[in-house]
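The values are calculated or read from the model by the stated rules, or taken from the named source; none is laboratory data. Here the structure is a predicted model, which means the values were calculated and not measured. Every residue, glycine among them, receives a Cβ derived from its backbone with ideal geometry; neighbour counts consider all protein chains shown.
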Amino acid sequence: MAQLDKIFKGKIKIPTPVFFIVTILVIMYFLPREGKYKYTYSENRPWQYGLLTAPFNFHIHKSSDQINQEKDSILRSYQPYYLVDQDVSKKSVTQFTQDAVAKSVPSDYIAYVTRKLNEVYKAGIISVDDYDRVQQLAKKQIQLRSENNNNVALTRHLASFYTPKQAYEKIISDAPSHVNIAHLKAINLNDYLNTNILYDERTSSNMKEELLKQVALYEGEVQSGEKIIDRGEIVDARTKNILDSYNNEVESKVGTKAKPGWLIFGELIMITLLIMTLMVYFKFYRINEYRNRRNMIFVLIMVGIFPIITGLMADTKMFSLMYLIPFAIPTILIRTFIDSRTAMTTHMITVVICALMLPLAQMAQFIVIQAMIGYMCIFSLRNLSERSQLVYCSLFILLTYIVTYTAWVLCTEGDPALIKENGRLYIYFCINFVFVSFAYLLVYVCERVFGFISEVSMIELSNTNRPLLQELSEVAPGTFQHSMQVSTLVVSAAQRIGANAALVRTGALYHDIGKMVNPIFFTENQIEGVDPHAGLTEKESAQIIIGHVTEGVRLAKKYNLPQQIIDFIETHHGKGKAKFFYNSYVNSHPNEEVDINDFTYPGPNPFTRETAILMMADTVEAASRSLKDNSKEAIVDLVNKLIDAQVNDGLLKSAPITFRDIELVKEVFSEKLVSMRHMRVAYPELKKKKDETLIEK
């Protein structure tokens, strides 16, 4: 705890980005890996793990051998498609006629060859490669389409076609007796025997795909929540197929088919982007929290601990158990100790990180439901003033879970029966409600561990019936009244400049509790005509006055007041001087060198806007009591003089307060003090009638 406190206070120098990097590495360590999603099992061997139920609906995949057999079976009926090119025959016959006439080929030769060309082209000439392709497919028939009628295909036997060689031999062998074979061969018939039966690759591929689509990839479906196998049961062939299907489904949903190295690299990029987004948010929009080690460590613990729990839960493969995890708790805590916008930003980043551990089918549902939970936390805790509100918040969260999940099932599945089938989720929501209900205990723990103070705690501490304040009102009534007046001033000023009004009001009530040790030595508690400082030197009196700060700190620690309240006690005089006794000593010892430390408060100077407001209010309220002229002008002059002196003495230079803020504070103090010091109108005496006077006589 001591080391942690040193880190909180910056005594151990660690750059803030280092905390974000550590958070990334811790989350990465607990993210599920490829091996974490797989079970080891063998057919005809006992199942070594616990009960496994389906976390989502999935199909039972057929084995590769079974699918291949069915594909081979259905492809036996497949026939390739070919297309008749009518232009080939026309061009070839025309070209032959022209060449034969030019070469003075006898007309009877021309007539015979033309007739035979038309005959073989009508039967169809197919290339040797296509002929061999069909034979390799063990097909005897093909589907033949015409360019003029693409929607009609005729079944043709492969043997009914000619290859260019067969067509040539056909023309030669069928030559009549009057045709000289040698002269016929000299015509170069091969030049006019071109392929007119062309392979239709597009249509063939489409038809093959259509046939293959008829092969079912699944042989059944497992419903969400259905038992798959329990410990000790034998893994038979069907169960093994179901387990294989489950693993394949999980792998495809979480992306574990990727190589482990790339998987880890992708996860690292995603987690880094999300955490760095949070860091940028703090850097640009919550710079005070970014510089506050305590706040940053607290937020990053909230961001990191729930992904760790989710990662461990994901190893069980029971993804529906994620709804047992009370994701609302960090949102409630951050809202309580920091602010609503930071709480919602942190909540969404945490939810997205956790969603990366879920199957894709459940990611959207998980993110939507948790987003609604986050908003409900913010809305229900908008004005947190009582711890009982945390219980009401838990109830609202339960209702949000139920309504949002029911709406999700209806709008995505459209089947109310699924609500009943997944009824166990509503039990999980109720258990989640119980966990969230104990958030108020965590509020107390965080206050002790991190030194936070919640609005609820501030309201409780500001109750004037608390023992310490009750004792202050009895032992030092003047100081108690002074503290009450100061609290009135600081609340208005804090509200005007946007500071924490509840915090500064609580600090104002306790800032002078150290005066209870020697109350009579302080003007507001003295009886008229009694001066306890008579007979004391200026140094001794100054030490008594200054001592109320250290005594206040001692009492605050004795009564376990939060550090934020102790800060007000330590800083409400800063490192200023006990000017009354300092000035008196200097005036009475003009030739002596004065040690200013004897008259200086221990400090430190105010370092927040709230502590700065209290210092100004304490000085102004105390000094206003000595005013003889309570006019508005006199009070305004007093306020300006005292606060300007504090600025000139450098007492406010460590506080993040602007000159504009200081001017607004002056205006508020002046308005309030004018109202407080306003003289009442004297009530007139009731005059007695003459008859009554005579009767009395």
* Got a number for residues in the stretch 67-105 being under 56 Å from the mean Cα position of the chain (by Cα) and without any contact (Cβ under 8 Å) to a residue 60 or more places away in the chain? -> 5
* Structure fact -> Within the stretch 567-590, restricting to residues that are free of Cβ contacts under 8 Å to residues at least 12 places away in the same chain and polar (S, T, N, Q), the one that is nearest to LYS539 (Cα to Cα) is ASN583
* Asked: Which of (1) at pLDDT below 90; (2) surrounded by fewer than 19 Cβ atoms within 10 Å (Cβ to Cβ); (3) more than 16 Å from PHE599 (Cα to Cα) is the odd one out, the single condition LYS558 does not satisfy?
  -> (1)
* Structure fact -> In the stretch 561-583, anything more than 30 Å from GLU471 (Cα to Cα) and either aliphatic (A, V, I, L, M) or surrounded by 15 or more Cβ atoms within 10 Å (Cβ to Cβ) (or both) is listed as TYR582
* Asked: So which residues in the stretch 45-95 are part of a loop (DSSP other than H, G, I, E, B), surrounded by 13 or more Cβ atoms within 10 Å (Cβ to Cβ) and of a type in the set (S, T, N, Q), if there are any at all?
  -> ASN57, SER63, GLN79
* Of residues in the stretch 234-273 being in a loop (DSSP other than H, G, I, E, B) and surrounded by 14 or more Cβ atoms within 10 Å (Cβ to Cβ), the one modelled with the highest pLDDT -> VAL235
* Answer residue from the stretch 490-527, given it is touching a Leu at 6+ places or on another chain (Cβ under 6 Å) and among the small types (Gly, Ala, Ser) and is nearest to ARG554 (Cα to Cα) among those -> GLY507
* Which residue pairs have Cβ atoms closer than 6 Å, lie 6 or more positions apart in sequence or on different chains, and pair a first residue in the stretch 289-300 that is buried (at least 19 other Cβ atoms within 10 Å of the Cβ) with a second residue that is of a type in the set (Asp, Glu) and at pLDDT below 90? -> ASN295/GLU289
* To do: Could you please find all residues in the stretch 1-57 being among the small types (Gly, Ala, Ser), modelled with pLDDT under 75 and more than 21 Å from ASN288 (Cα to Cα)?
  => ALA2, GLY35, GLY50
* **Unmet criterion (only one of (1) among the β-branched types (Val, Ile, Thr); (2) touching a Lys or Arg at 6+ places or on another chain (Cβ under 7 Å); (3) under 16 Å from SER204 (Cβ atoms)) for ILE171** => (3)
* To do: Please go through the stretch 607-666 and pick out each residue that is outside any helix (DSSP H, G or I), under 48 Å from the mean Cα position of the chain (by Cα) and of a type in the set (Ser, Thr, Tyr).
  => THR608, SER654, THR658
* Scope the stretch 170-184; condition in a helix (DSSP H, G or I), out of contact with any strand residue (DSSP E or B) (no Cβ under 9 Å at 6 or more places or on another chain) and within 18 Å of GLU119 (Cα to Cα); matching residues -> ILE171, ILE172, SER173, LEU184
* Asked: Is it true that ILE334 is touching a helix residue (DSSP H, G or I) at 6+ places or on another chain (Cβ under 8 Å) and more than 23 Å from TYR285 (Cα to Cα)?
  -> no
* Structure fact -> Residues of the stretch 185-210 being in a helix (DSSP H, G or I) and among the β-branched types (Val, Ile, Thr), in sequence order, are THR203
* Asked: From the residues in the stretch 124-159 that are assigned to a helix (DSSP H, G or I) and in contact (Cβ under 8 Å) with a residue 40 or more places away in the chain, which one is surrounded by the fewest Cβ atoms within 10 Å (Cβ to Cβ)?
  -> ARG133
* Asked: Could we say that ILE309 is under 18 Å from PHE435 (Cα atoms), surrounded by fewer than 18 Cβ atoms within 10 Å (Cβ to Cβ) and either in contact with a His (Cβ under 7 Å, 6 or more places away or on another chain) or of a type outside the set (Lys, Arg) (or both) here?
  -> yes
* Output the number of the condition that THR479 fails; it satisfies all remaining conditions of (1) at pLDDT below 90; (2) of a type in the set (Ser, Thr, Tyr); (3) within 30 Å of GLN526 (Cα to Cα). => (1)
